[in-house]
Amino acid sequence: MTESSHPPPSLLRRLRPDLAPWRASRDFRLLWGSGCVSSFGSFLTYVAVPLQIKQLTGSYLAVGGIGAVELLPLIVFGLWGGALADALDRRKLVLGAEAGLGLLSGLLLLNALLPHPLLWPIYLVAGLVAALDGLQRPALDTLVPRIVAHEQMTAAFALISIYRNTSTIAGPALAGFIVAYGGGPATAYALDVATFGLSLFLLFRLRAVPPPTGAAKPSVAAVMAGVRYAWSRPELLGTYLVDIAAMLFAFPNAIFPFLADDLHADWALGLMYGATAVGGLVVSATSGWASAIHRHGRMVLLAALGWGAAMTLAGLTPNIWLVLLCLAVAGGADMVSGMGRSTMWNQSIPDELRGRLAGVELLSYSVGPNLGQVRAGGTAALIGARGSVWLGGLACLVSVGGLAAVLPKLLAYDARTDQHVAAARAARQERERTQEQERTQGQERTPPRPTSAAAGAAEATETAEAAEAI
């Protein structure tokens, strides 16, 4: 049978996730397992922090202010973390930051155990967590292109998103239950600390990931070189701007406690936090089709429009079940956008710049949500929680539509013909050939081990010579 006569893949095969990265790479399996454990614990804290601030203050602005506290450390350390990821062993950088994040969760636990927990330590720890996350995330993101095959990038992101979305579902739901019935925020923080221990064990088993040959030393000049590269590529710049716009205007998570109050559905708070992840999980678990997509720019733009439309409907409907459905649709759209952005970044950016560009990417997908929390809290203080949600969704639609109009290169991007993708693929193949040659030469220089008979004869000779010397 000729290749052209092969039947098309079945619908089931096109939908099921591509497990190739998991099967092919031991280090990817370790990284996946570590992320699964750590992500679950982190989402416990993600829900417990705003709930604890609401309990202590009852203020929209106090809850939304957590995003303002995290913003500056995230910008500064995210960019610097990218420069470090290009210059240092990425495994060591990830390990050190993970240990620090575990210690900070321990501080939140100690504060929560006080008879009268204090507000300022929560903000302080939030800022420090943002700083360490900024240092770690570029190294973490740039590990994947080094341990996964070039053509498996989309599949790798989908597999990572499966555990992230599963943690986003289970973590918030469990956190809401724990805070309400199982001992309050302190229990959530304690479980988070425990997950960091297992995560560190798995990360420790990763192989070293040294920097690329001739890597630039960490400096402001190195950071600016990465920023200039991002600016020189309008299609990359477009992915950053689209994501920032979507999250800035339509990321209402900080006001979910107040939205639940407005809908008389306090019981659904954990479900609201987990609903977007349900949509994301459905998409990632049926993501086999995504590896066949090559026009990733259009993928990002259409998904961002879907996110904005779903958030608009979530703010307009008074029914909690319809709100949860809209949030799930929004999560599915965000997952599609994430697959498109991640594939563009990992397939087209040179390895020697990958860390610094990951720092820029961190700003695009983290600054937006942090500013979005401030925007959501401030708007809710003026027009209420529901108004804040639907108005943000409309603003997202308008801004993303405008960006699509002024960014033709993002619309035209095609991985099959893009020169940057071709150059990155060729550089990776050359690096792999060089590494294979070095391994082969090393084996040739190593003298063969003697057979057991030869080894015994040599040992007998050495023993006889030693006896004569005595």
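The values are calculated or read from the model by the stated rules, or taken from the named source; none is laboratory data. Just so it is clear, the model here is predicted, and its values are computed rather than measured. Every residue, glycine among them, receives a Cβ derived from its backbone with ideal geometry; neighbour counts consider all protein chains shown. Protein only, heavy atoms only, side chains kept; ligands, DNA and RNA dropped before computing areas. Shrake-Rupley method; radii C 1.70, N 1.55, O 1.52, S 1.80 Å.
Worth a mention:
- Take 184-193, 244-253 and order them by the average number of nearby Cβ atoms within 10 Å per residue, most first; the result is 244-253, 184-193.
- Using C-alpha pairs below 8 Å separated by at least 6 residues, the relative contact order for the chain is 25 percent.
- Degrees, to the nearest 10: 220-232 long Cα axis against longest axis of the chain: 70 degrees
- Candidates per trypsin sites (Lys or Arg not before Pro) in segment 199-274, loop by DSSP, up to 16 other Cβ within 10 Å: Arg205, Arg207
- For the chain, convex hull of alpha carbons as volume per residue, Å³: 209 Å³
- Between 0 and 90°, nearest 10: helix 296-316 axis offset from the chain longest Cα axis: 30 degrees
- Cα gyration tensor shape for segment 302-355, rounded if a/c is under 1.5, else prolate or oblate: prolate
- Within the accessible area of the chain, the carbon and sulfur atoms contribute 67%, probe 1.4 Å, all protein chains present.
- Count Lys and Arg as plus one, Asp and Glu as minus one, and take only other residues whose Cβ is under 13 Å from that of Val389; the net charge is then +1.
- Based on DSSP H segments of at least four residues, each scored -39500 (n - 2.57), the chain has a per-residue ellipticity at 222 nm of -27500 deg cm²/dmol.
- Rounded tilt (10° steps) of 153-181 against the dominant C-alpha axis of the chain: 50 degrees
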